[in-house]
Amino acid sequence: MLSFVARRTAAALGTLLLSSLLVFLAVQALPGDVATQVLGKDATPQAVAQLRGSLGLDRPAWERYADWMRGALHGDFGTSLVSGKAVGGDVAQYLGNSALVAVITILFAVTGSLLLGIVAGLYRDRWPDHLISTVSLVGMSVPEFVVATVLVLCFSVALPWFPAVVLYGPDATVGQLLPAVWLPALALAVVMAAYIVRMARTSVIDVMASEYVTTARLKGLSTWRVVTRHALPSALLPVLHVIALNVAWLLGGVAVVENVFNYPGVGKLMLSSVQNRDLPVIQAIALISAVVYVACNLAADLGAMALNPRLRTRGRT
Amino acid sequence: MSDIHHPGRRSVLAASAAGAASLGASWLLSGCSGATAAPVLPAAARPGTPDRGGTLRIARPPASDAETLDPASSLSAYEYLGALYNRLVRIGADGDVAPDLAESWEPDSTARTWTFRLRKGVTFHDGRAFTSADAAYTLRHILDKATASPQAGVLTPLVDPGRLRTPDAHTLVVPLKTPNAEFPSLLTHYNCYVVPEGSGKSIGRTGIGTGPFKLESFAPAGPGRVTAYKDHWAGRPVLDAIAFYSVADMSARSGALLAGQVDLLSQTNLDFATARVVAASDHATIARVKNGQWYVLPMLTTDKPFTDVDVRRAMKLAYDPEHVVKAALQGAGRAGWDNPVPPDDPVHVLTHPRHDPEQARFLLKKAGHENLAVDLYTSAYDPLFTPMALAYQESAKRAGIRIRLKTASADSYYTQIWMKQPLMATYWYTGRPVDQLFNQVFRSGSSYNETAWSDKGFDALLDRARAETDDARRRDLYGEAQRWVIDKGGAMTPMFADRLVGLSRKVRGYSEHGFEFDYLGIGLKGA
């Protein structure tokens, strides 16, 4: 068990290092640099040279990467090339806003789709099953920006219940952001839901056909009790992995959805940083994303091990 | 922002990030709200007088995360400038130079020295009186290399900051290095808003000016607010306050307007589909900035085959601008006929060869370019680039020219394609005075000369024009310059488009032309 965790952690660290290098190289490969991007049509040779000099862009790329890496290992992610502010604090602020959406999305998606999956499983091949399966598949297939736009049209233009966009900056309070969080969360949840619904449905069908459930039923337990006490825990196990993967996916999904809602989260920051070629910010976000991704997978593996005795004991034999 | 680096660089986000998001969104919009049976887009803003007071909410694309309130900077937050500051002179509704902080101005007999008489009784928001020292400082601040102002390129060849004179508190004397009868027009640029003396280091955050509104709060690429300045020299503005919100994504901006979260979309030219949805909505509508956008297909005159003036002539004769206006603009604009001076500019001359595909064929044959095939670059940067390119392609086919459309990434369009590829689609905001327009975009060696056209005779003509003190003769010379560009230059101007501005139905007194926005008169009705 311990050696397994150690091996996984080492692999995770390697992945992080590799991803930071790849991101750095990818940004280097993009046409233009922060000086030409920020100045746009005003990028006269003098202005570009002046900006490059003041930003230290005239130094070789590997030198800048090494510098950045050294800083990052000490917890210093450098300063943004565009705003001149410390990247760490900036990213943390945006990340906090994104976390608010992410938590609500996961709560929405997990509870909602588990519930729908169980209903679909219990009513297998009858109309509630067909309805739920079809709708969730459609939700998964439609790109998130379309779902987001439809939600805006329905729930902020036609029915003015929620704001269409966030008008505050990254320093908005939770109270200011809260009214605007629901539509982005719903958009992301709709896209996420299909996987979980399918997994939950299959698990419920399997479990309901198993002998111990038949026994439980024969003992006279109600369907509700059978589902909550017996079917749900077993159905949760495969779903756990899907949820972990989805949390990682959320990081990519928010980039698009946050822009549609002008939500001051890390996805929006990432997009504008890529456009500006603001390398320190891109690197920091990429590294944090990689950490989240790796951590989620690690947690899912360990969680699965904890819930599954066969996996848990394998290491000891 | 964006004079020149165009407005709403960030509005591209939707297009580049989410693929055809904005397009898809407007299609969805029209589908959902049942506005497919398009109503005719309104021709003008709603008439009537606003109520006194109220807060106007403006959504704007941020210039950059490094935005500043320093008017001279290339990263100035454009919308704030007109609210917070005044210039010495501005462009009036008739297109001529009009008084702002300067009440009058006159040149000496050779147009080598200009004297500006400044308004008295004007105060900055911090209570200090405005004097000629502030006006002189503003010019020195723009010319300061450390400011790296885009307008420095225009003013440095003319003005020596060390020779500015302030004989009294309300007179500014500007000796020029070379004669220029159009000099005041160069001070109408939005980099030339007047700031208090010695404020260079702090003005980016304080925003202290003489304008109708004073700064309450400002966050780069974030929200901000200005409130009415009661002691403004021209009287207090109609509104109590303006709230500025920065929304980078164009479809998010339209969504905010449709949901009633904002009252006006600044620096946003709505695409036709979205404009129709907005016009059909209960609380929003469309206003137009007439001929607000100047669309160009620049041919790089340093790249084959456009090094040959006959090929350039053929490219112009080959297509019908009226067809481009019909196909790409759906009539919401005017044919340009390759003349960069907008049709409503006082010096505009109506002169151009007729559309003549046969003559184009003949010229190409003469130049050895029969069956010419060239790449034309476009991008999602602006909704009209691709329709314009398609219309050109279709029209030029009749002259035997084969155009291959290439779509480039929007986010690096102005670093990788503009001034690099021999033929591409681009645009500018109109509102540049004619002297600045020609010297900045068409003069040899200017950093904005997007066709890399270099013609000594044309440059000499521009010098003659700016030195000519007789207004009628100068106008003739600028007319000659227009003919020269049409005949020999590298820029094709297929069209001038109306900018379609989305605003709330409550907005009254909206007036915008070129880089002039009426912050004094705009207000709300029944808010």
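Between the alpha-carbon centers of segment B:270-301 and segment B:137-166, tell me the distance in whole angstrom.
35
Around A:Ala284, with a cut-off of 11 angstrom between Cβ atoms, what is the net charge of the other residues, counting Lys and Arg +1 and Asp and Glu -1? Could the numbers behind the result be given before it?
Numbers: positive: none; negative: A:Asp76, A:Asp90, A:Asp278.
Spelling it out: positives minus negatives among the neighbours equals -3.
Where a ≥ b ≥ c are the square roots of the eigenvalues of the C-alpha gyration tensor, would you call segment A:110-160 rounded, which needs a/c under 1.5, or, failing that, prolate if a/b is larger than b/c, or oblate?
On the way: a/c = 2.58, a/b = 2.24, b/c = 1.15.
It comes out prolate by the Cα gyration axes.
Could you list, in their original order, any pairs among B:Lys366/B:Lys406; B:Lys145/B:Lys316; B:Lys290/B:Lys456; A:Lys41/B:Lys406; B:Lys230/B:Lys506; B:Lys397/B:Lys420 whose Cα atoms are separated by more than 31 Å?
Distance filter (> 31 Å) returns B:Lys145/B:Lys316; B:Lys290/B:Lys456.
Between A:Ser83, A:Ser113, A:Ser98, find the one with the highest GNM mean-square fluctuation for chain A; connect C-alpha pairs within less than 10 Å.
Highest fluctuation among the options: A:Ser83.
Rounded if a/c is under 1.5, else prolate if a/b beats b/c, else oblate: with a ≥ b ≥ c from the C-alpha gyration tensor eigenvalues square-rooted, which is chain B?
Numbers: a/c = 1.94, a/b = 1.16, b/c = 1.67.
Judged from the Cα gyration tensor, chain B comes out oblate (a/c at least 1.5, b/c at or above a/b).
At a threshold of 8 angstrom on Cα-Cα distance, excluding pairs fewer than six apart, so keeping six or more, what relative contact order does segment A:87-277 reach in percent? Please report the intermediate quantities before stating the final value.
On the way: 223 pairs, mean separation 63.7, N = 191.
Once divided by the residue count of segment A:87-277, the mean separation gives 33 percent.
Considering only DSSP beta bridges where both residues belong to chain B, give the percentage that are antiparallel (nearest 5). List each step's numbers first, then the result.
Working: 51 of 68 bridges.
The antiparallel fraction comes to roughly 75 percent.
Just how far, in whole angstrom, is segment A:38-89 from segment B:212-259 if you go by their alpha carbon centroids?
31
For A:271-280, what's the mean count of beta carbons from other chains sitting within 10 Å of each residue's beta carbon?
Numbers: counts 8, 8, 1, 3, 11, 6, 3, 3, 0, 0.
What the average comes to for A:271-280 is 4.
Calculate the all-directions average of the projected area of the protein assembly as shown's alpha-carbon convex hull, and give it in nm². List each step's numbers first, then the result.
Numbers: hull surface 164.0 nm².
The number I arrive at for the protein assembly as shown is 41.0 nm².
For segment B:290-498, with equal point scatterers placed on the C-alpha atoms only and solvent neglected, what are the log10 I(q)/I(0) values from the Debye formula at q = 0.08, 0.19 1/Å, to two decimals?
Calculated log10 I(q)/I(0) at the listed q: -0.25, -1.48.
Of all the C-alpha pairs in chain A, what % are more than 26 Å from each other?
On the way: 29059 of 50086 pairs.
The proportion of pairs with Cα distances above 26 Å equals 58 percent.
Restricting to segment B:290-498, compute how many DSSP beta bridges are antiparallel as a %, nearest 5. Present the calculation step by step, with values, prior to reporting the outcome.
Details: 13 of 21 bridges.
The answer is about 60 percent antiparallel.
State the Kirkwood hydrodynamic radius of segment B:447-527 in Å, one decimal place, computed from all pairs of distinct Cα atoms. Intermediate values should be presented prior to the final figure.
Values: mean 1/r = 0.0603 Å⁻¹.
That comes to 16.6 Å for segment B:447-527.
For segment B:85-198, what is the relative contact order in percent, using Cα pairs closer than 8 Å and at least 6 residues apart in sequence?
On the way: 201 pairs, mean separation 40.6, N = 114.
RCO, segment B:85-198: 36 percent.
So what's the back-of-envelope 222 nm ellipticity for the protein assembly as shown, counting only DSSP H runs of four-plus at -39500 (n - 2.57) apiece and dividing by all residues, rounded to 500?
Working: 30 runs with 386 residues, N = 844.
Computed ellipticity for the protein assembly as shown at 222 nm equals -14500 deg cm²/dmol.
Given R₀ = 35 Å, FRET efficiency for B:Ala169-B:Asp94 by Cβ-Cβ distance, to 0.05?
On the way: r = 31 Å, r/R0 = 0.88.
In this case the efficiency is close to 0.70.
Taking θ = phi - 60°, what integer Hz values does the Karplus form 6.51 cos²θ - 1.76 cosθ + 1.60 yield along segment A:139-146, in sequence order, with x for Gly and Pro?
Computed from phi, the couplings for segment A:139-146 are x, 6, 7, 7, x, 5, 6, 6 Hz.
Please compute the net charge surrounding B:Phe116, taking Lys and Arg as +1 and Asp and Glu as -1 over other residues with Cβ under 14 Å from its Cβ. Mind dumping the intermediate values first?
On the way: positive: B:Arg87, B:Arg90, B:Arg117, B:Arg119, B:Lys120, B:Arg165; negative: B:Asp100, B:Glu103, B:Glu106, B:Asp108, B:Asp134, B:Asp168.
Computed value for this residue: 0.
Any idea what angle helix A:266-276 forms with the longest principal axis of chain A, computed on alpha-carbon atoms, 0 to 90 degrees, nearest 10?
Roughly 30 degrees, rounded to the nearest 10.
Could you work out the mean projected area of the convex hull around the alpha carbons of segment B:204-245, in square nanometres to one decimal?
Numbers: hull surface 11.6 nm².
For segment B:204-245, averaging the hull's shadow over all directions gives 2.9 nm².
So for the pair A:Trp62, B:Glu358, with labels modelled 7 Å out along Cα→Cβ, what separation do we get in nm?
Between A:Trp62 and B:Glu358, the simple spin-label model gives 6.7 nm.
By its C-alpha gyration tensor, with a ≥ b ≥ c as the square roots of the eigenvalues, how is segment B:85-198 shaped: rounded for a/c under 1.5, else prolate for a/b larger than b/c, else oblate? Show your work: numbers first, answer last.
Details: a/c = 1.30, a/b = 1.15, b/c = 1.13.
Note, shape of segment B:85-198 comes out rounded.
Springs between alpha-carbon pairs under 10 angstrom, Gaussian network model over chain A: which of A:Met208, A:Met192, A:Met270 fluctuates most?
A:Met208
Each residue of segment B:101-117 in order: what ³J(HN,Hα) in whole Hz does its phi give by Karplus 6.51 cos²θ - 1.76 cosθ + 1.60, θ = phi - 60°, with x for Gly and Pro?
7, 8, 7, 7, 7, 8, x, 6, 5, 9, 6, 9, 10, 10, 10, 10, 9
Have a look at the DSSP beta bridges in the protein assembly as shown and tell me what percent are antiparallel, nearest 5. Can you show the working numbers first?
On the way: 52 of 69 bridges.
Antiparallel: roughly 75 percent of the beta bridges in the protein assembly as shown.
Could you tell me which helices of chain B pass both thresholds, a Cα extent of 15 Å or more along their own axis and a mean Kyte-Doolittle hydropathy of at least -1.0, with helices taken as whole DSSP H runs? If you can, show how the numbers build up before the last one.
Numbers: long enough: B:21-32 (16 Å, 1.12); B:132-143 (17 Å, 0.29); B:385-397 (18 Å, -0.11); B:456-467 (17 Å, -0.38); B:471-488 (25 Å, -1.44).
The answer, listed by residue number, is B:21-32, B:132-143, B:385-397, B:456-467.
B:Tyr427's amide H: which non-local residues (gap 5+, or another chain) put their own amide H closer than 5 Å, with H modeled 1.01 Å from N in plane and none for Pro or chain starts?
Amide H to amide H, under 5 Å and 5 or more residues apart or across chains, B:Tyr427 pairs with B:Val296.
Where a number appears in this text, it was derived from the coordinates with a stated rule and is not lab data. Predicted, not measured: the structure shown is a model, and the values here were computed from it. Using ideal geometry, Cβ is built from the backbone for each residue, glycine included, and neighbour counts are taken over all protein chains shown.
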